[in-house]
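Here's the structure we're looking at; comments come further down.
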Amino acid sequence: MVPVALLFVGAVLLANGLVFLDRVTPRSAVAINLLTGALLVGTALVLLLPSDSASPDGLASAVAAGGFALFGFTYLTVAINSLSNAPGAGLGWYCGWAGTVALFLSMVHFVQLGDARLAWLWLAWAVLFAAFFLALTTPAAEWAGKATGMLTVMQSLSTASIPAALMLTGKWDDTPVLAVAVTQIVVVIVYVLHVADARRRYRSTTTRDRASVTTT
């Protein structure tokens, strides 16, 4: 069930990334956010209810359940905000908190569970939540939206759809950790470069507009 749920995370990340890129309207992404959010929360319950967190397997199930719930509540909130035309600040602050949780879950996978592949995915998701926080609650909202959308689309493939496909076909455990790490680092570098370029262009436009107002 976990790979299937992760596969649909890829779908909803793609849809939400396209919203940031103005290729999809927020309302048209409501259904996929609602359905995937409900699926992830349901998956979290299935993983959590029979688990004993004192055992290694129980700890892994509890951590997975927390991760799926983290994303599930995100998508349900996105859907409700779109339906109610609510501002995104509340969601942005939630994403700031979720980014911290994602970083913690990454450390748990590195240190306690010994699963470096998933640890790298959680590091990537920590960056994604941080990007949402910046784009929804800070002045970066003026210029970081497109870069955030691009990061979301890239991560829909690199952290969800492709890993889920590898899990479903039994090839995930054979995937080199270095390949997973390099892929996520490259994606984040591309995002940072696009953010820097967008910030530069925004500052240049703002300075030019101010100069135009001054001369008139």
**Q.** Criterion: over 21 Å from Asp57 (Cα atoms) and open to solvent by 50 Å² or more (accessible area, probe 1.4 Å) - qualifying residue of Leu168, Leu151, Leu178, Leu128
**A.** Leu178
Q | Residue match in the stretch 187-206 (condition: aliphatic (A, V, I, L, M) and outside any helix (DSSP H, G or I)) | A | no
Q) Which one of these does Ala79 not meet: (1) in contact with a helix residue (DSSP H, G or I) (Cβ under 7 Å, 6 or more places away or on another chain); (2) under 28 Å from Thr183 (Cα atoms)? A) (2)
**Q.** Identity of the residue in the stretch 1-29, outside any helix (DSSP H, G or I) and aliphatic (A, V, I, L, M), that ends up surrounded by the fewest Cβ atoms within 10 Å (Cβ to Cβ)
**A.** Met1
Q. Which ranges mark the helices (runs of 4 or more DSSP H) fully within the stretch 74-183 that have 3 or more residues being touching a residue at least 60 places away in the same chain (Cβ under 8 Å)?
A. 116-137, 145-155, 162-168
Q: Could you tell me which residue of the stretch 120-146 is modelled with the lowest pLDDT, considering only residues that are aromatic (Phe, Trp, Tyr) and over 10 Å from the mean Cα position of the chain (by Cα)?
A: Trp143
Q) From the residues in the stretch 59-103 that are surrounded by fewer than 15 Cβ atoms within 10 Å (Cβ to Cβ), modelled with pLDDT under 95 and not polar (S, T, N, Q), which one is farthest from Leu128 (Cα to Cα)? A) Leu83
**Q.** Hey, Trp143 among the aromatic types (Phe, Trp, Tyr) and touching a Lys or Arg at 6+ places or on another chain (Cβ under 9 Å) or not
**A.** yes
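The values are calculated or read from the model by the stated rules, or taken from the named source; none is laboratory data. Given the structure is predicted, the values throughout are model-derived calculations rather than measurements. Cβ coordinates were reconstructed from backbone atoms using ideal geometry, including for glycine residues, and neighbour counts include every protein chain displayed. Note: areas computed on protein heavy atoms with side chains; ligands, DNA, RNA excluded. Shrake-Rupley method; radii C 1.70, N 1.55, O 1.52, S 1.80 Å.
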